[in-house]
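A.B. asks: Structure incoming, see below.
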């Protein structure tokens, strides 16, 4: 009941006095009530619970977390080992910048 | 590429985070993930087995289906058996065993039990069937309360006399406080439920973090989210800090969702609740405000007192308190399976037992 995956708002309409919309989850489209996200626009990503959109996903905040995680990755890459100190697995390790 | 999904399932990034956790974690730390959605993600991806051994993950009571008391399931079964009633519920509740029957069994006997994805559909049913009584089983944490509150407001606006809720709403912060206050408590840090916090915001969690000196991190539901949350908790514990740090900032804002909070407060009031497995917790749930009493199924229908009985084999209480793990139950995978569940933790897709069973984790 507390699970939800992000979907993209593809249609907004009014029904029985309520702000409603269609939300696309990678091809599967379902209806959701948008009363709790009054500022939502077409193309925004939202999290829907039990038929109600409860938040608009914030692209800037998502990017900030990724920047922090990428720093971890860059640090380990520089050392050529994973953070356990073991050499990077050649199958999964990404080529380091500047390497031929 | 699925936006906001695939990038949070990146195995390389997950590996880096795991490595960083191992590099930072010095002392033992017991972390509870409150939300059953997190439990399923952790067991499915095997995160608990990849962590350094000094970090232990304990599964919490955050499965609304699992903590709904048997008495209320019995009341739902009694209501669903009435000829004038269309009983509606989220699908999860249908197979939860009551003392004698589940809602699914009532349906197989010809009862009108329908599983809905939204309480607004129940309101529409009440409009379409003025000769029937539509009852919606209002189960859940702070994530489903806004929808149920809006359904009641909509029914009131439409002047419906044939719509009501059987309310079993519970709140996360009082459950955390009850766990922390228990003398048996081992939990030192919490992964807070990301979607509950999306609705409520973070103030109550900040008070708990400060009052009990526990680090708390609201997290998203993908493996990278959970690992990042564990890393933040480990860093806090190692530094001797106890704060709320928001891993899920793409959805959780400090003030939560003000519109949802307003409607919930307008329709519901805080009340004591009994939790299956945890017992009664003061001010840990919601009931309808007196001005919406006409929409309260327990007041509207004469439900004679029911003597509730739990399966003597089921240890879901100890599992919901974080004291035991599913494979420690003698009935797990034998007398108790998702097709023949003895307790709610095996039914729900947020229950710990079903998480272990689905991942074929039969050994402790």
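The values are calculated or read from the model by the stated rules, or taken from the named source; none is laboratory data. Computed from a predicted model, the values in this text were never measured in an experiment. Methodologically, a virtual Cβ is constructed for each residue, glycine included, from the backbone with ideal geometry; neighbour enumeration extends over all protein chains shown.
A.B. asks: Could you tell me whether residue B:242 is surrounded by fewer than 20 Cβ atoms within 10 Å (Cβ to Cβ) and either in contact with a helix residue (DSSP H, G or I) (Cβ under 6 Å, 6 or more places away or on another chain) or outside the structural domain of residue B:31 (by TED's automatic domain parsing) (or both)? Even if it seems obvious, please write down each step before you answer.
C.D. replies: Details: surrounded by fewer than 20 Cβ atoms within 10 Å (Cβ to Cβ): yes; either in contact with a helix residue (DSSP H, G or I) (Cβ under 6 Å, 6 or more places away or on another chain) or outside the structural domain of residue B:31 (by TED's automatic domain parsing) (or both): yes.
Criteria met by residue B:242.
A.B. asks: Within the range B:223-235, restricting attention to residues that are more than 9 Å from every other protein chain (Cβ to nearest Cβ) and out of contact with any strand residue (DSSP E or B) (no Cβ under 7 Å at 6 or more places or on another chain), which residue is surrounded by the fewest Cβ atoms within 10 Å (Cβ to Cβ)?
C.D. replies: B:235
A.B. asks: Which residues, taken from the range A:1-22, are farther than 23 Å from residue B:157 by Cβ, part of a strand (DSSP E or B) and either at pLDDT below 95 or within 11 Å of chain B (Cβ to nearest Cβ) (or both)?
C.D. replies: Applying the first criterion (farther than 23 Å from residue B:157 by Cβ) to the range A:1-22 yields A:1-11, A:22.
This time we only want the ones that are part of a strand (DSSP E or B), so: A:6-11, A:22.
If the condition is that a residue be farther than 23 Å from residue B:157 by Cβ, part of a strand (DSSP E or B) and either at pLDDT below 95 or within 11 Å of chain B (Cβ to nearest Cβ) (or both), then A:6, A:7, A:8 are the ones that fit.
A.B. asks: Given the residues B:65, B:96, B:24, which is the only one that is within 13 Å of another protein chain (Cβ to nearest Cβ), at pLDDT below 95 and in contact with a strand residue (DSSP E or B) (Cβ under 8 Å, 6 or more places away or on another chain)? Full working, then the answer.
C.D. replies: Details: B:96 fails: in contact with a strand residue (DSSP E or B) (Cβ under 8 Å, 6 or more places away or on another chain); B:24 fails: in contact with a strand residue (DSSP E or B) (Cβ under 8 Å, 6 or more places away or on another chain).
Going through B:65, B:96, B:24 in turn, the sole match is B:65.
A.B. asks: Pick from the range A:23-49 the residues that are within 7 Å of another protein chain (Cβ to nearest Cβ) and closer than 13 Å to residue B:199 by Cα: which of them is surrounded by the fewest Cβ atoms within 10 Å (Cβ to Cβ)? Lay out the reasoning, then the answer.
C.D. replies: At the first step, the residues of the range A:23-49 found to be within 7 Å of another protein chain (Cβ to nearest Cβ) are A:26, A:33, A:35-36, A:38, A:45, A:47, A:49.
Add one more test, that the residue is closer than 13 Å to residue B:199 by Cα, and what stays is A:36, A:47, A:49.
Values: A:36: 25, A:47: 28, A:49: 28.
Residue satisfying both the conditions and the ranking: A:36.
Condition check ((1) crowded, with 18+ Cβ neighbours inside 10 Å; (2) modelled with pLDDT of 95 or more; (3) away from chain A (no Cβ under 14 Å); (4) not in a strand (DSSP E or B)) across all residues:
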{"residue": "B:256", "(1), (2), (3), (4)": "yes, yes, no, yes"}
{"residue": "B:259", "(1), (2), (3), (4)": "no, yes, no, yes"}
{"residue": "B:263", "(1), (2), (3), (4)": "yes, yes, no, yes"}
{"residue": "B:266", "(1), (2), (3), (4)": "no, yes, no, yes"}
{"residue": "B:269", "(1), (2), (3), (4)": "no, yes, yes, no"}
{"residue": "B:272", "(1), (2), (3), (4)": "no, yes, yes, no"}
{"residue": "B:277", "(1), (2), (3), (4)": "yes, no, yes, yes"}
{"residue": "B:305", "(1), (2), (3), (4)": "no, no, yes, yes"}
{"residue": "B:319", "(1), (2), (3), (4)": "yes, no, yes, yes"}
